[in-house]
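The values are calculated or read from the model by the stated rules, or taken from the named source; none is laboratory data. The structure displayed is predicted, hence computed values, not measured ones. Note that we place each Cβ from the backbone using ideal geometry, even for glycine, and neighbour counts take in every protein chain shown. Surface areas here come from the heavy atoms of the whole protein model, side chains and all, with no ligands, DNA or RNA. Shrake-Rupley method; radii C 1.70, N 1.55, O 1.52, S 1.80 Å.
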Amino acid sequence: MDIRGRRQSSNIEDRRGMRPVRTGVGISVGGVLILIVMSLFGINPLPFLGLATQEPEVQMQDTGQPYQESPREAQYRELTAVVLADTEETWNALLPSYGLNYTEPRLVLYSGMTQSDCGTGQTAMGPFYCPRDQTVYLDTTFFDDLSQRFGAPGDFAQAYVIAHEVGHHVQNLVGTAEKVSAAQQRMSKADANALSVRMELQADCYAGVWAHNAARSRQLLEAGDIEEGLRAASAIGDDRIQKQTQGRVVPDAFTHGSSEQRMRWFNRGFETGDPEACDTFAAQQL
Ligand SMILES: [Zn+2]
C-alpha cells in the first residue's frame with residue numbers, strides 16, 4: 001500500500017504512554033471478556049482463564065508525557081490511522097443501502113495492558129473488538145509478531161487485521177453479533193464453536209469487501225498486497241495455530257476457521273466487494 005498523503009482517522013485514541021497501576025485482584029472479569037470480545041485468532045482460552053481468575057484490576061495512569069514512539073511504531077500508527085479511515089469510507093458508503101447508518105468505531109492504541117468495557121485487554125490476546133464500547137483494541141507490537149512469529153509480514157497483512165476487527169464492528173451494528181452470542185448460550189460447546197467459526201469467517205469476508213473498495217474506489221492497493229493479506233489470513237487459521245501450539249489439529253475446537261477457509265472467505269469478499277456475498281451463516285459449505 002502507498003499510504004502517503006492519505007486521510008488518517010480521527011477516531012483513534014492513543015493510550016500507549018499510559019502505565020497500569022494494579023488496584024487489586026478481581027475475579028471473573030476476564031471470564032466475561034473471553035465470552036464477549038471478538039478476537040483475531042483462536043487461542044486456547046485456558047491460560048487466559050488462568051489469568052481471569054486472578055485478573056489484576058488495573059487502572060491506567062497517564063504519565064502526562066507524550067508517548068515517545070520509535071520510527072517503526074510511528075509507521076504502525078500511521079498505517080492504522082489510514083486503514084481505519086479507509087474502512088470508514090467503505091462502510092459509510094455501503095451500509096446505507098441496507099437501511100443502516102454507519103457509526104464509526106473507535107480504535108485504541110495501547111501498550112501492554114488497557115481497560116475496555118469488556119474487561120482488561122492484554123497484548124497476548126492479540127487485537128480484539130469490544131462490542132460494548134464499539135472499540136477496536138490494538139497493541140501494534142502484534143504486527144511484529146505477525147511478521148516474525150506468524151510469518152506474515154507486510155503492511156497489507158496489518159491492514160487485513162484492522163479490517164477484520166472492523167468487520168466485527170459491522171456485525172455488531174447489523175445485529176449479527178447479538179444473535180450469535182444469544183444462540184451460543186443455548187448450545188453445546190462444539191456447536192457454539194462452529195457458530196463462532198461462521199462469525200469469524202464473515203469478519204474475514206468483510207475485510208475482503210473493504211479491500212475491494214479500497215482498491216477500486218481509492219486505488220490504495222499495490223501489487224502483492226492481496227497475497228500479503230491472504231498469507232496473514234492463512235497464518236492465523238485454527239489448524240495452523242493448533243499445530244504450532246499443541247502439535248495436533250482438533251476441528252471441534254476451531255473457533256475462527258482453518259487457514260484455507262479464512263483465505264477463501266477473505267478472497268470472496270475481495271472478489272465480490274459485496275457484503276451479501278459474506279453470508280457464512282447460510283453457506284452449506286464453509
Ligand atoms: Zn475475529
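Hey, can you tell me all the residues within the stretch 240-263 that are away from the ligand (no atom under 16 Å from the Cβ) and either open to solvent by less than 40 Å² (accessible area, probe 1.4 Å) or free of Cβ contacts under 8 Å to residues at least 40 places away in the same chain (or both)?
Across the stretch 240-263, the qualifying residues are GLN242, LYS243, GLN244, GLY247, ARG248, VAL249, VAL250, PRO251, GLU260.
Conditions tested, residue by residue: (1) part of a helix (DSSP H, G or I); (2) open to solvent by less than 60 Å² (accessible area, probe 1.4 Å); (3) under 30 Å from MET1 (Cβ atoms).
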site: LYS179; (1), (2), (3): yes, no, no
site: GLN184; (1), (2), (3): yes, yes, no
site: MET199; (1), (2), (3): yes, yes, yes
site: GLN202; (1), (2), (3): yes, yes, yes
site: TYR206; (1), (2), (3): yes, yes, yes
site: SER217; (1), (2), (3): yes, no, yes
site: LEU221; (1), (2), (3): no, yes, yes
site: ILE226; (1), (2), (3): yes, yes, yes
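Report, by residue number, each residue of the stretch 241-286 that is at pLDDT below 95 and assigned to a helix (DSSP H, G or I).
ILE241, GLN242, LYS243, GLN244, THR245, GLN246, PRO251, ASP252, ALA253
May I ask you to verify whether ALA152 is of a type in the set (Gly, Ala, Ser), surrounded by 24 or more Cβ atoms within 10 Å (Cβ to Cβ) and under 12 Å from the mean Cα position of the chain (by Cα)?
Working: of a type in the set (Gly, Ala, Ser): yes; surrounded by 24 or more Cβ atoms within 10 Å (Cβ to Cβ): yes; under 12 Å from the mean Cα position of the chain (by Cα): no.
So ALA152 fails the test.
Scan the stretch 217-229 and tell me whether some residue there is in contact (Cβ under 8 Å) with a residue 40 or more places away in the chain and polar (S, T, N, Q).
Yes, the stretch 217-229 contains a residue that is in contact (Cβ under 8 Å) with a residue 40 or more places away in the chain and polar (S, T, N, Q).
In the stretch 177-191, which residue that is within 15 Å of the ligand (Cβ to nearest atom) and without any contact (Cβ under 8 Å) to a residue 40 or more places away in the chain is nearest to the chain's Cα centre (by Cα)?
Pass one, the stretch 177-191, residues within 15 Å of the ligand (Cβ to nearest atom): 177, 180-181, 184.
Pick out the ones that are also without any contact (Cβ under 8 Å) to a residue 40 or more places away in the chain and you get 180, 184.
Numbers: VAL180: 17, GLN184: 20 Å.
This residue is VAL180.
Which one is farthest from GLN134 (Cα to Cα), of the residues in the stretch 6-22 that are open to solvent by 80 Å² or more (accessible area, probe 1.4 Å) and either within 16 Å of the ligand (Cβ to nearest atom) or modelled with pLDDT under 95 (or both)? Give the derivation first.
Within the stretch 6-22, the first condition is being open to solvent by 80 Å² or more (accessible area, probe 1.4 Å), and the residues that meet it are 7-8, 10, 19, 22.
Subset that is either within 16 Å of the ligand (Cβ to nearest atom) or modelled with pLDDT under 95 (or both): 19, 22.
Details: ARG19: 23, ARG22: 25 Å.
If we take residues in the stretch 6-22 being open to solvent by 80 Å² or more (accessible area, probe 1.4 Å) and either within 16 Å of the ligand (Cβ to nearest atom) or modelled with pLDDT under 95 (or both), then ARG22 is farthest from GLN134 (Cα to Cα).
Search the stretch 130-150 for residues that are touching a residue at least 40 places away in the same chain (Cβ under 8 Å) and closer than 23 Å to GLU178 by Cα and pair each with any residue that is part of a loop (DSSP other than H, G, I, E, B) and open to solvent by 10 Å² or more (accessible area, probe 1.4 Å) when their beta-carbon atoms are under 7 Å apart and the residues are at least 6 apart or on different chains.
The qualifying pairs are CYS130/VAL37; CYS130/ASP117; ARG132/ASP117.
Please report, ordered by residue number, the helices (runs of 4 or more DSSP H) entirely within the stretch 25-131 with at least 2 residues that are closer than 21 Å to ARG6 by Cβ, at pLDDT below 90 and among the acidic types (Asp, Glu). Before the answer, list the steps.
Values: elements: 29-36, 45-53, 71-94.
Helices (runs of 4 or more DSSP H) meeting the threshold: none at all.
Would you tally the residues in the stretch 116-143 being more than 16 Å from the ligand (Cβ to nearest atom) and polar (S, T, N, Q)?
5
Does VAL166 qualify as being part of a helix (DSSP H, G or I) and within 14 Å of the ligand (Cβ to nearest atom)?
Values: part of a helix (DSSP H, G or I): yes; within 14 Å of the ligand (Cβ to nearest atom): yes.
Judged against the criteria, VAL166 is a match.
If only one of VAL209, VAL250 is more than 18 Å from LEU94 (Cβ to Cβ) and of a type outside the set (Lys, Arg), which one is it? I'd like the intermediate steps shown before the answer.
Details: VAL209 fails: more than 18 Å from LEU94 (Cβ to Cβ).
VAL250 is the lone residue from the list that is more than 18 Å from LEU94 (Cβ to Cβ) and of a type outside the set (Lys, Arg).
Please name all residue pairs, on different chains or six or more residues apart, with Cβ atoms under 9 Å, provided the first residue is in the stretch 159-170 and is farther than 15 Å from ASP133 by Cβ and the second residue is more than 11 Å from the ligand (Cβ to nearest atom) and among the acidic types (Asp, Glu).
Here the result reads ALA159/ASP86; ALA159/ASP225; ALA159/GLU228; TYR160/GLU228; ALA163/ASP86, each pair linking the stretch 159-170 to a residue that is more than 11 Å from the ligand (Cβ to nearest atom) and among the acidic types (Asp, Glu).
Counting just the residues of the stretch 245-281 that are out of contact with any helix residue (DSSP H, G or I) (no Cβ under 6 Å at 6 or more places or on another chain) and of a type in the set (Asp, Glu), which one comes out farthest from GLN171 (Cα to Cα)?
GLU260
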